[in-house]
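Participant: Just dropping this structure here.
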Amino acid sequence: MSIWFRDYTVEELRARAKGSMTEHLGIELIEIGADYLRGRMPVDERTRQPGGYLHGGASVTLAETLGSVGAYLCVDPQKQQVFGMAINANHIRPVRTGYVEGIARPVHRGNNTQIWEIKIYDSQKKLVCVSRITLAVVKIP
């Protein structure tokens, strides 16, 4: 059974990212599961730090994107909006090339807050980063 407010398509959510940081960094949603989201981001000149490795801030951006989209999909968008309140990340392994892939799953989906955990992996499925985001669920006036 799905946790989402309604059925969404990957294409519909990709269209929402047009003209945003998500699009600029090449982040793309690739799968909507019954209780998770999967997305990926290239490790290239947009997302590497000057030393040539994936920038930690880019990993956090991928994590925040997936957690925020997941939280958004769980609320009625006519009545509620979600906003990030806090995010943390533990960077575990460096990456120089290819793509990283994140999987976001809810830890808590409440009426006022949601907490999501995002695990980011390299192309060999090795863990690169673990992040947790807390989001406020706000009624639209």
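The values are calculated or read from the model by the stated rules, or taken from the named source; none is laboratory data. This is a predicted model, so every value here is computed, not measured. Cβ coordinates were reconstructed from backbone atoms using ideal geometry, including for glycine residues, and neighbour counts include every protein chain displayed.
Participant: Is there any pair linking a residue in the range 121-141 that is free of Cβ contacts under 8 Å to residues at least 60 places away in the same chain to one that is of a type in the set (Ser, Thr, Tyr), with Cβ under 9 Å and at least six apart or on different chains, and which?
Facilitator: 122/99; 123/97; 123/99; 127/121; 134/113; 136/113
Participant: On the given criteria, is residue 1 surrounded by fewer than 16 Cβ atoms within 10 Å (Cβ to Cβ) and at pLDDT below 95? Quick ask: steps written out before the conclusion?
Facilitator: Values: surrounded by fewer than 16 Cβ atoms within 10 Å (Cβ to Cβ): yes; at pLDDT below 95: yes.
Against the criterion (surrounded by fewer than 16 Cβ atoms within 10 Å (Cβ to Cβ) and at pLDDT below 95), residue 1 qualifies.
Participant: Okay, moving on. Which of the residues spanning the range 109-141 are part of a strand (DSSP E or B), among the small types (Gly, Ala, Ser) and surrounded by fewer than 17 Cβ atoms within 10 Å (Cβ to Cβ)?
Facilitator: The first filter runs over the range 109-141 and keeps only residues part of a strand (DSSP E or B), leaving 109, 113-121, 127-139.
If we keep only those that are among the small types (Gly, Ala, Ser) as well, we get 131, 136.
Within the range 109-141, 136 is the sole residue that qualifies.
Participant: Within the range 7-22, work out how many residues are in contact (Cβ under 8 Å) with a residue 24 or more places away in the chain and exposed (fewer than 14 other Cβ atoms within 10 Å of the Cβ).
Facilitator: Total meeting the criteria: 1.
Participant: Kindly indicate whether residue 82 is assigned to a loop (DSSP other than H, G, I, E, B) and touching a residue at least 40 places away in the same chain (Cβ under 8 Å).
Facilitator: No; evaluated as a whole, the condition is false for this residue.
Okay, residues lined up against (1) out of contact with any Gly (no Cβ under 8 Å at 6 or more places or on another chain); (2) surrounded by 15 or more Cβ atoms within 10 Å (Cβ to Cβ); (3) β-branched (Val, Ile, Thr); (4) more than 14 Å from residue 134 (Cβ to Cβ):
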residue: 51; (1), (2), (3), (4): yes, no, no, yes
residue: 60; (1), (2), (3), (4): yes, yes, yes, no
residue: 72; (1), (2), (3), (4): yes, yes, no, yes
residue: 76; (1), (2), (3), (4): yes, no, no, yes
residue: 87; (1), (2), (3), (4): no, yes, yes, no
residue: 96; (1), (2), (3), (4): no, no, no, yes
residue: 99; (1), (2), (3), (4): yes, yes, no, yes
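Participant: Now for a separate question. Can you give me the number of residues within the range 1-60 that are in a helix (DSSP H, G or I) and among the polar types (S, T, N, Q)?
Facilitator: Total satisfying the criteria: 2.
Participant: If you check every pair at least six apart or on different chains, which have Cβ atoms under 7 Å apart with a residue in the range 98-116 that is at pLDDT below 95 first and a residue that is part of a strand (DSSP E or B) and loosely packed, with under 14 Cβ neighbours inside 10 Å second?
Facilitator: Nothing qualifies.
Participant: Could you look through the range 23-43, keep only residues that are touching a residue at least 24 places away in the same chain (Cβ under 8 Å) and farther than 15 Å from residue 101 by Cβ, and pick out the one that is surrounded by the fewest Cβ atoms within 10 Å (Cβ to Cβ)?
Facilitator: Per the stated criteria, the residue is 34.
Participant: Right, here's the next one. Look at residue 67 and say whether it is within 16 Å of the chain's Cα centre (by Cα) and either at negative phi or exposed (fewer than 15 other Cβ atoms within 10 Å of the Cβ) (or both).
Facilitator: Yes; evaluated as a whole, the condition is true for this residue.
Participant: What single numbered condition from (1) touching a Ser or Thr at 6+ places or on another chain (Cβ under 9 Å); (2) under 21 Å from residue 7 (Cα atoms) fails to hold for residue 106?
Facilitator: The number of the failed condition is (1).
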